[in-house]
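Below is one structure; the comments refer to it alone.
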Ligand code: AQP
């Protein structure tokens, strides 16, 4: 890792990945396929990788102080059990590196009200009672931009739901660079795609699978045991038709598309390829195949999570070491930002 502050004038930005997950509950198969699995893939490619547990984001909605630290550890356990390796990736929690909040303040002053007001996630999460939502929930995307740009990250793997926030990060970087006449922040590329960029609820194919959905039957949790996974998939909403052999046949069949996409992502195959294998099958035949895939992938991960959470000292060591390495990159970038703005 380098702690030099790079700008395009002294060379291209290092290929660096930043991404994060909120410690707001047990992770779902959506989080795994849309985020964690890709975190691991990118760790093993040609990038420096930084993966954060974004606890400052979590408190934009109420979190019980007694359980928040354990929720952070649970996400850390999910990261490690999924294959993130602290020798290859920096793994830490956001609150441990104060520079995140400091850069977020600068970005709150760069971002415009109109930009924030367009964010659909705020509208979804605040619901009908927007006047009662926290100000933090409204300015969440400025903190997310700070998370990413504090490390001059060039690539961010996220699920499809985060695309708009990534665009706002690019807008903030562009405006900052323009306002202060320097190409200081990179224009970060989102890394979105694959069959599971948006895993949908098992109960409603028009809604994202989410860890905060009130119905546990709507999602598969990474820590669910084999019986629970089988039961949830058996109860998953479907339609009476057999599966098609081509993708066009999934048109207007949100639940069928979702189950096939999950299968494809678990099997590391494309939806087209899966349909050539399962086309013509009824759900009564396909669902047990999906159960088998899901259990095969998640069982070893949940067993390793249980092992890690049995003795939390290993997790705490990883988080402490990660925070130190993260700070070594973040501090000079924040310092230079303050200088550019005229704060030092
Ligand atoms: N259903 C999903 N399909 C694909 N990717 C998903 N992600 C979340 N749900 C899906 C991706 O997981 C990463 C971490 O998400 P997060 O915890 O920071 O927040 P989120 O997007 O708000 O996820 P949830 O599960 O819906 O959490 P709650 O219920 O707390 O709001 C992100 O990369 C996200 O895209």
Query raised in the report: So how much slack lies between residue 182 and residue 132, counting 0.36 nm per residue of separation and subtracting their Cα-Cα distance, in nm?
Result: 14.1 nm
Requested in this report: Could you calculate the FRET efficiency of residue 341 with residue 284 from 1/(1 + (r/R0)^6), where r is the beta carbon distance between them and R0 is 45 Å, rounded to 0.05?
Outcome: 0.15
Report summary line: Summing -39500 (n - 2.57) over every DSSP H run of at least 4 in the chain, dividing by its residue total and rounding to the nearest 500, the 222 nm mean residue ellipticity is -16000 deg cm²/dmol
Report summary line: Listed with the fewest Cβ neighbours within 10 Å leading, 189, 255, 246 appear as 246, 189, 255
Query raised in the report: How far is it, in nm, from the label point at residue 307 to the one at residue 15 when both lie 7 Å from their Cα along the line to the Cβ?
Result: 3.1
Query - For the chain: relative contact order, % (alpha-carbon pairs under 8 angstrom, 6 or more apart) - result: 24
Report summary line: With R₀ set to 35 angstrom, the calculated FRET efficiency between the beta-carbons of residue 228 and residue 61, to the nearest 0.05, is 0.85
Query raised in the report: If one takes the longest principal axis of the Cα atoms in the chain, at what angle in degrees, from 0 to 90 and to the nearest 10, does the Cα axis of helix 283-310 lie?
Result: 40
**Report entry** Nearest 10 degrees, 0 to 90: helix 226-235 Cα axis against the chain principal axis
**Finding:** 70
Report summary line: Exposure-ranked with fewest Cβ neighbours within 10 Å first, 16, 327, 219 stand as 327, 16, 219
**Report entry** For peptides 168-179, 275-286, sequence by mean Cβ density within 10 Å, most packed first
**Finding:** 168-179, 275-286
Requested in this report: Give the Debye-formula value of log10 I(q)/I(0) at each listed q (0.09, 0.15 Å⁻¹), with one equal scatterer per alpha carbon of the chain, two decimals each.
Outcome: -0.51, -1.29
Query raised in the report: Any idea how far the Cα center of the range 63-108 sits from the one of the range 264-299, in Å?
Result: 33
Query raised in the report: Using alpha carbons only, how many degrees (0 to 90, rounded to 10) separate the axis of helix 65-82 from the longest principal axis of the chain?
Result: 70
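Every read-out reported here was derived from the displayed coordinates using simple, explicitly stated rules and does not represent laboratory data. Keep in mind that this is a model prediction, so the values were computed, not measured. So basically every Cβ, Gly included, is an ideal-geometry build from the backbone, and we count neighbours across all protein chains shown.
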